[in-house]
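Notes to accompany the following structure.
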Amino acid sequence: MNTEFKPPMQLLPKETYTDQAWFERERRELFDRSWTYACTEQAIVNPGDFHCFRFMDHSLFVVRGADGVIRAFHNICRHRGCEVLEGSGNTAEGITCPYHRWTYQLGGELRSVTNEDECFEVVTKASLGLNSAAVGTYRGMVFVNPSPDPKDGFDSWIANMDDFAWPHRFDDESISYIGEMVYEMHCNWKVFYENAIDGYHLGYLHDKTLGKLYPSKNVWKPVGRNVVWYSIERGGEPQSNSILSAEIADDSGAPRLPGHEQAFYPGVVMLFPLTILSPSPWGFYVSKLEPVSPEITHMRVYSWAPTGSRGRMNVERPDGPVRLSDLKGHPLDSGNFQIEDMWICEKIQRNLRSPNYKFGPLADGAGAEAPLMHFQESVLDYVPIDGS
Ligand code: FES
Ligand SMILES: [Fe+2]
């Protein structure tokens with residue numbers, strides 16, 4: 001049954017889910033070298049178009065050059081460290097720091113220094129260009145890595161994903177951007193990630209939202225460090241959604257994208273370590289985990305829906321983050337599997353500090369808990385236990 005994953009064992013000690021020193025090691029040894037979603041290529045179509053974003057400690061931006069090439073830089077002026085750009089927009093004439101107005105080319109080179117002769121004996125412009133970050137594009141999405149020379153190059157990180165491709169496009173007006181939501185989860189980022197790749201819980205915790213997705217009815221497939229998920233409830237080709245979730249979405253009146261009557265593509269794509277893509281007949285979601293501290297994780301979800309529709313997210317969109325403490329009813333009555341997951345993850349996190357907490361056996365199977373060890377191997381590859 002489980003041919004693609006090894007029989008799973010818990011590899012990470014429980015302290016790695018609560019400990020501040022371990023979290024700092026993850027920050028430096030993993031996240032500082034990790035790929036993260038920045039924006040769609042559509043958002044920066046023209047020369048000079050830019051988009052700024054934060055990732056952990058990093059202030060970054062992507063910009064399209066006059067040559068059409070997308071580049072990524074740390075948003076840090078080489079003079080005194082001011083952010084040179086903010087938000088998104090167009091800066092085709094070049095980049096001007098708002099503080100003392102040093103200017104940079106779109107390729108990052110330092111172009112001019114105000115009052116250079118009067119104020120500076122010598123400024124070696126060639127060595128004061130903006131610091132580069134690594135950048136890559138995949139199926140209309142732009143990903144950035146704060147390290148200019150990442151441990152996993154972009155092509156190897158996203159290796160073989162084409163075998164699991166989805167048909168959604170950002171450049172043909174079939175889907176439109178709806179907006180973003182932030183969930184504030186009181187758990188370690190790995191507790192959430194491991195829950196997200198745990199096929200064993202689906203048919204039980206989510207029986208009212210996802211249905212009978214028992215271990216033989218769903219499957220994860222490893223793709224390098226990443227994993228992709230399918231429902232195999234219907235027999236025939238694996239599909240992106242469960243029977244019950246499809247019924248709920250269709251009954252809610254959410255329209256399907258034309259041509260998505262069947263959805264023979266993955267429903268969840270976990271891009272190690274912090275990005276989750278969710279293609280579906282009702283839209284497309286990009287979720288970014290933002291580890292805030294060892295026991296707080298934000299998840300920022302960007303959503304797209306068929307053009308002209310509102311999408312199927314059945315949580316009211318509050319102004320601020322979604323928190324369990326703000327819910328009116330019980331999480332199990334929310335009708336929302338994300339809320340159900342948050343509830344469980346917080347219940348686990350509260351127990352991780354107990355001296356009585358011990359990991360039990362993991363359920364074997366590609367539709368059970370085998371992907372957890374696959375994930376933990378990658379964490380340890382970046383942050384070895386004996387490397388502190
Ligand atoms: S900090 Fe940018 S010009 Fe001084
Ligand atoms: Fe779940």
Just to be sure I understand: if I project the alpha-carbon convex hull of region 242-336 onto a plane and average over all orientations, what area do I get in nm²? 7.5 nm²
Computed over the chain: longest principal axis from alpha-carbon atoms vs helix 20-29 long axis, angle to nearest 10 degrees, is 60 degrees
Viscosity 1.002 mPa s, temperature 20 °C: what is the translational diffusion coefficient of the chain from Stokes-Einstein with a Kirkwood Rh over Cα pairs, rounded to a whole number of µm²/s? 96 µm²/s
Which residue, 213, 226, 140, has the largest displacement toward the positive end of the dipole of the chain when charges sit on each Cβ (Lys, Arg +1; Asp, Glu -1)? 213
Multiplying the sequence separation of residue 119 and residue 21 by 0.36 nm and subtracting their Cα-Cα distance, what value in nm do you get? 31.0 nm
Sequence neighbours fewer than 8 away in the same chain don't count; with that in mind, list the lysines whose C-alpha is under 24 Å from residue 328. 208, 347
Listed with the fewest Cβ neighbours within 10 Å leading, 184, 295 appear as 184, 295
Residue among 129, 165, 196 farthest towards the positive dipole end of region 124-228, charges placed on Cβ: 196
Take every Cα pair under 8 Å in region 42-133 that's 6+ residues apart, average their separations, divide by the length, and report that relative contact order as a whole percent. 25 percent
Quick check on the exposure proxy: order 127, 280, 334, 309 from fewest to most C-beta atoms within 10 angstrom. 127, 309, 334, 280
Looking only at trypsin sites (Lys or Arg not before Pro) in DSSP loops with at most 10 other Cβ atoms within 10 Å, what is the longest site-free stretch of the chain? 81-327
Translational diffusion coefficient of region 145-270 at 20 °C, 1.002 mPa s, Stokes-Einstein with Kirkwood Rh over Cα pairs, in µm²/s as a whole number. 128 µm²/s
Quick one: if you stick a label point 7 Å off each Cα along the C-beta vector at residue 10 and residue 131, how many nm between them? 3.7 nm
Round to the nearest 0.05 the FRET efficiency obtained for residue 323 and residue 250 when R0 = 35 Å and r is the Cβ-Cβ distance. 0.70
Would you list 325, 34, 176, 293 from fewest to most Cβ contacts within 10 Å? 325, 293, 176, 34
With +1 on each Lys and Arg Cβ and -1 on each Asp and Glu Cβ, and nothing else charged, work out how big the dipole of region 42-133 is about its Cα centre, in Debye to the nearest 20. 240 debye
Principal axis box of region 42-133, alpha-carbon based, largest edge first, Å: 43, 30, 20
For residue 353 and residue 45 in the same chain, what is the full-extension length gain: residue separation times 0.36 nm, less their Cα-Cα distance, in nm? 106.1 nm
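We did not get these values from a lab; they are worked out from the coordinates using the rules stated. What you see is a predicted model; the values in this text were computed from it and never measured. Here Cβ is always computed from backbone atoms with ideal geometry, including for glycine, and neighbour counts include all displayed protein chains.
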